[in-house]
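Only the coordinates and a few stated rules stand behind these numbers; no lab work does. From a predicted model like this one, the values you see are computed outputs, not experimental measurements. Positions of Cβ are backbone-derived with ideal geometry, glycine not excepted, and every protein chain shown enters the neighbour counts.
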């Protein structure tokens, strides 16, 4: 018995096809620095896995130059580029403040000995 119909039912979804220009714009937007492939895909109404596959296909072909800027203004609606401040001189020490009643103990531990600090805290909390 054949359970597969030879004719396509009217409500059945069909695979969409996308133009080469559309794919090029999506790939260019995905390859821009700091842009999420999922966000680009959602903004263009496609699945993120499909967009990722298109990007990988372009990279496999060796076409990994600078991203094209075409279509970025459409994709980036609602997103604002933010500049992160330069790293300040931050101490690399682990700082712990313990309080019990009126007693306060401040501990400073070198971050390269984090596992020793964790063992000390486990013993302290027993």
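Would you please put 43-52, 112-121, 98-107 in order of how densely packed they are, using the mean number of other Cβ atoms within 10 angstrom per residue and starting with the highest?
Averaged packing, sorted descending, gives the order 43-52, 112-121, 98-107.
Once fully extended, how much extra length lies between residue 52 and residue 93, figured as 0.36 nm per residue of separation less the alpha-carbon to alpha-carbon distance?
Here the segment from residue 52 to residue 93 would lengthen by 10.8 nm.
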